[in-house]
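Scroll down for the structure; my scribbles are underneath it.
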Amino acid sequence: MFKSTDAGLTWRNVGLRNVAGFADIRVNSTNGQIVYALGAKSGGGFYRSIDGGESWTLTLALEGRSMSVNPKDPQEILISSTTQIHRSTDGGLSWSNVNTGISSTNVTRISIAFAPSQPSVAYAMVSRISGADEIGDVYYSSNSGRNWTKRARLERYFFNKQGFYNHCIA
(Lines give C-alpha, C1' and ligand atoms only; values in the text may rest on other atoms or scores of the structure.)
Protein backbone atom coordinates (compact mmCIF):
# COMPACT_ATOMS: atom_id res chain seq x y z
CA MET A 1 0.00 0.00 0.00
CA PHE A 2 1.43 3.35 -1.00
CA LYS A 3 0.31 6.80 0.16
CA SER A 4 0.84 10.30 -1.21
CA THR A 5 0.17 13.50 0.71
CA ASP A 6 1.33 15.90 -2.01
CA ALA A 7 -1.12 15.27 -4.86
CA GLY A 8 0.86 12.31 -6.16
CA LEU A 9 4.31 13.89 -6.52
CA THR A 10 5.87 11.48 -4.04
CA TRP A 11 4.77 8.14 -2.59
CA ARG A 12 5.72 6.07 0.43
CA ASN A 13 4.93 2.53 1.50
CA VAL A 14 2.54 2.39 4.46
CA GLY A 15 2.31 -1.36 4.89
CA LEU A 16 0.21 -4.29 3.79
CA ARG A 17 3.21 -5.68 1.92
CA ASN A 18 1.80 -9.20 2.43
CA VAL A 19 -1.25 -8.49 0.23
CA ALA A 20 -0.77 -9.61 -3.38
CA GLY A 21 -3.23 -7.06 -4.78
CA PHE A 22 -6.24 -4.93 -3.93
CA ALA A 23 -9.79 -5.15 -5.26
CA ASP A 24 -10.73 -1.71 -3.87
CA ILE A 25 -9.63 1.07 -1.53
CA ARG A 26 -12.01 3.66 -0.05
CA VAL A 27 -11.65 6.63 2.28
CA ASN A 28 -14.46 7.19 4.79
CA SER A 29 -16.49 10.20 3.55
CA THR A 30 -16.94 11.70 7.02
CA ASN A 31 -13.47 11.00 8.47
CA GLY A 32 -10.48 11.01 6.13
CA GLN A 33 -8.36 9.18 8.70
CA ILE A 34 -10.46 6.03 8.26
CA VAL A 35 -9.49 4.00 5.20
CA TYR A 36 -10.93 0.70 3.98
CA ALA A 37 -8.90 -1.69 1.78
CA LEU A 38 -10.14 -4.92 0.25
CA GLY A 39 -7.26 -7.26 -0.50
CA ALA A 40 -7.48 -9.93 -3.17
CA LYS A 41 -5.54 -13.18 -3.53
CA SER A 42 -2.64 -13.88 -1.15
CA GLY A 43 -3.03 -11.96 2.11
CA GLY A 44 -6.49 -10.85 1.04
CA GLY A 45 -9.27 -9.59 3.25
CA PHE A 46 -10.87 -6.47 4.62
CA TYR A 47 -8.35 -4.12 6.19
CA ARG A 48 -9.22 -1.01 8.19
CA SER A 49 -7.04 1.94 9.13
CA ILE A 50 -8.00 4.68 11.61
CA ASP A 51 -4.82 6.73 11.20
CA GLY A 52 -4.84 7.62 7.51
CA GLY A 53 -3.22 4.39 6.41
CA GLU A 54 -0.24 4.39 8.77
CA SER A 55 -1.36 1.11 10.37
CA TRP A 56 -3.90 -1.55 9.38
CA THR A 57 -6.12 -4.14 11.06
CA LEU A 58 -7.44 -7.21 9.25
CA THR A 59 -11.08 -7.72 10.28
CA LEU A 60 -12.13 -10.39 7.76
CA ALA A 61 -9.83 -12.75 5.86
CA LEU A 62 -11.05 -13.63 2.35
CA GLU A 63 -10.14 -13.18 -1.31
CA GLY A 64 -11.92 -9.89 -1.89
CA ARG A 65 -13.58 -9.09 -5.19
CA SER A 66 -15.81 -6.03 -4.72
CA MET A 67 -16.56 -3.38 -2.09
CA SER A 68 -19.27 -0.75 -1.82
CA VAL A 69 -19.68 1.83 0.95
CA ASN A 70 -23.11 3.31 1.57
CA PRO A 71 -22.92 6.92 0.27
CA LYS A 72 -25.04 8.24 3.17
CA ASP A 73 -23.56 6.07 5.94
CA PRO A 74 -19.85 5.16 5.60
CA GLN A 75 -20.20 2.70 8.50
CA GLU A 76 -22.31 0.45 6.24
CA ILE A 77 -20.14 -1.60 3.89
CA LEU A 78 -20.79 -4.51 1.52
CA ILE A 79 -17.92 -6.69 0.32
CA SER A 80 -17.86 -9.78 -1.84
CA SER A 81 -15.53 -12.71 -2.23
CA THR A 82 -15.76 -15.11 -5.13
CA THR A 83 -18.99 -16.68 -3.84
CA GLN A 84 -20.19 -14.73 -0.77
CA ILE A 85 -21.45 -11.27 0.22
CA HIS A 86 -20.65 -9.84 3.65
CA ARG A 87 -22.16 -6.77 5.34
CA SER A 88 -20.87 -4.52 8.10
CA THR A 89 -22.78 -1.78 9.91
CA ASP A 90 -19.88 -0.68 12.12
CA GLY A 91 -17.25 0.43 9.62
CA GLY A 92 -15.83 -3.04 9.04
CA LEU A 93 -15.23 -4.04 12.65
CA SER A 94 -17.64 -7.00 12.39
CA TRP A 95 -19.30 -8.83 9.51
CA SER A 96 -22.36 -10.91 8.72
CA ASN A 97 -22.91 -13.14 5.70
CA VAL A 98 -25.85 -11.77 3.64
CA ASN A 99 -26.53 -14.19 0.79
CA THR A 100 -30.26 -14.65 1.42
CA GLY A 101 -31.92 -15.02 -1.98
CA ILE A 102 -28.73 -15.52 -4.01
CA SER A 103 -28.13 -18.97 -5.45
CA SER A 104 -24.60 -20.20 -4.79
CA THR A 105 -24.69 -22.74 -7.63
CA ASN A 106 -21.62 -22.52 -9.92
CA VAL A 107 -20.78 -18.92 -8.87
CA THR A 108 -17.49 -17.58 -10.26
CA ARG A 109 -17.57 -13.93 -9.13
CA ILE A 110 -19.83 -11.39 -7.38
CA SER A 111 -19.76 -7.60 -7.77
CA ILE A 112 -21.82 -5.29 -5.55
CA ALA A 113 -22.84 -1.62 -5.38
CA PHE A 114 -25.05 0.64 -3.30
CA ALA A 115 -27.31 2.91 -5.38
CA PRO A 116 -26.08 6.51 -4.87
CA SER A 117 -29.59 7.88 -5.46
CA GLN A 118 -31.18 5.57 -2.89
CA PRO A 119 -28.61 4.25 -0.38
CA SER A 120 -30.84 1.52 1.08
CA VAL A 121 -30.83 -0.10 -2.38
CA ALA A 122 -27.96 -2.36 -3.41
CA TYR A 123 -27.27 -4.41 -6.53
CA ALA A 124 -25.20 -7.55 -7.05
CA MET A 125 -24.01 -9.04 -10.33
CA VAL A 126 -23.29 -12.75 -10.05
CA SER A 127 -21.45 -14.60 -12.80
CA ARG A 128 -21.88 -18.37 -12.91
CA ILE A 129 -21.06 -21.34 -15.10
CA SER A 130 -23.97 -22.75 -17.09
CA GLY A 131 -22.89 -25.71 -19.19
CA ALA A 132 -20.05 -24.53 -21.42
CA ASP A 133 -21.05 -20.87 -21.01
CA GLU A 134 -20.97 -18.20 -18.34
CA ILE A 135 -24.15 -16.31 -17.52
CA GLY A 136 -24.89 -13.43 -15.18
CA ASP A 137 -27.68 -12.78 -12.72
CA VAL A 138 -28.49 -9.31 -11.42
CA TYR A 139 -29.88 -9.18 -7.88
CA TYR A 140 -31.63 -6.31 -6.09
CA SER A 141 -31.82 -5.53 -2.38
CA SER A 142 -34.12 -2.88 -0.90
CA ASN A 143 -32.72 -3.28 2.63
CA SER A 144 -29.00 -2.52 2.30
CA GLY A 145 -28.07 -6.02 1.25
CA ARG A 146 -29.75 -8.06 3.96
CA ASN A 147 -31.95 -9.91 1.42
CA TRP A 148 -31.70 -10.26 -2.36
CA THR A 149 -34.14 -10.82 -5.23
CA LYS A 150 -33.09 -11.83 -8.74
CA ARG A 151 -34.06 -9.13 -11.25
CA ALA A 152 -32.42 -10.16 -14.52
CA ARG A 153 -30.54 -12.91 -16.31
CA LEU A 154 -27.69 -11.82 -18.60
CA GLU A 155 -27.19 -14.50 -21.21
CA ARG A 156 -23.93 -16.06 -22.25
CA TYR A 157 -22.80 -13.37 -24.70
CA PHE A 158 -22.81 -10.70 -22.00
CA PHE A 159 -19.57 -11.86 -20.35
CA ASN A 160 -18.00 -13.49 -23.41
CA LYS A 161 -16.43 -16.06 -21.04
CA GLN A 162 -14.77 -13.33 -18.92
CA GLY A 163 -17.26 -13.06 -16.02
CA PHE A 164 -15.04 -15.06 -13.65
CA TYR A 165 -12.15 -12.68 -14.30
CA ASN A 166 -13.51 -9.19 -13.97
CA HIS A 167 -16.82 -7.40 -13.92
CA CYS A 168 -18.49 -4.61 -11.97
CA ILE A 169 -21.93 -3.17 -11.35
CA ALA A 170 -22.54 0.49 -10.66
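Being part of a strand (DSSP E or B) and either in contact with an Asp or Glu (Cβ under 9 Å, 6 or more places away or on another chain) or within 19 Å of Thr57 (Cβ to Cβ) (or both) is the filter here; which residues of the stretch 1-18 pass it? Within the stretch 1-18, Phe2, Lys3, Asn13 meet the criteria.
Of the residues that make up the stretch 36-48, is at least one at pLDDT 95 or above and among the charged types (D, E, K, R)? Yes: the stretch 36-48 contains one or more residues that are at pLDDT 95 or above and among the charged types (D, E, K, R).
Just so you know, in the stretch 122-142 the residues that are among the polar types (S, T, N, Q) and modelled with pLDDT of 95 or more include one that is most open to solvent (accessible area, probe 1.4 Å), and it is Ser142. Checking each residue of the stretch 156-163 against the condition of being closer than 23 Å to Glu63 by Cα, more than 18 Å from the chain's Cα centre (by Cα) and at pLDDT 80 or above gives no match. Picking from residues in the stretch 19-57 that are under 14 Å from the mean Cα position of the chain (by Cα) and part of a loop (DSSP other than H, G, I, E, B), the one that is farthest from Ile77 (Cα to Cα) is Lys41. Residue count for the stretch 77-92 satisfying the condition of being farther than 13 Å from Ala115 by Cα and touching a residue at least 60 places away in the same chain (Cβ under 8 Å): 2. Going by the conditions given, is Ile102 open to solvent by less than 10 Å² (accessible area, probe 1.4 Å) and either under 22 Å from Lys150 (Cα atoms) or acidic (Asp, Glu) (or both)? In short, no.
Consider Gly64 against the criteria (1) assigned to a strand (DSSP E or B); (2) open to solvent by less than 10 Å² (accessible area, probe 1.4 Å): it satisfies all of them except one. Which criterion is unmet? The one condition Gly64 does not meet is (1).
Beta carbons closer than 6 Å, at least 6 apart along the sequence or on distinct chains, pair a first residue in the stretch 12-35 that is of a type in the set (Phe, Trp, Tyr) with a second that is in a strand (DSSP E or B) for Phe22/Ala37; Phe22/Gly39.
The residue list Ile110, Ile135 contains one member that is within 30 Å of Arg17 (Cα to Cα) and not in a loop (DSSP other than H, G, I, E, B), which is Ile110. For the stretch 106-121, the set of residues classified as of a type in the set (Val, Ile, Thr), in contact (Cβ under 8 Å) with a residue 40 or more places away in the chain and open to solvent by 10 Å² or more (accessible area, probe 1.4 Å) consists of Thr108 only.
Scanning the stretch 68-88 for residues that are in a strand (DSSP E or B) and in contact with a Ser or Thr (Cβ under 8 Å, 6 or more places away or on another chain) returns Val69, Ile77, Leu78, Ile79, Ser80, His86, Arg87, Ser88.
The values are calculated or read from the model by the stated rules, or taken from the named source; none is laboratory data. From a predicted model like this one, the values you see are computed outputs, not experimental measurements. No Cβ is skipped: glycine too gets one built from the backbone with ideal geometry, and neighbour counts run over all protein chains shown. Accessible surface areas use protein heavy atoms only, side chains included; no ligands, DNA or RNA. Shrake-Rupley method; radii C 1.70, N 1.55, O 1.52, S 1.80 Å.
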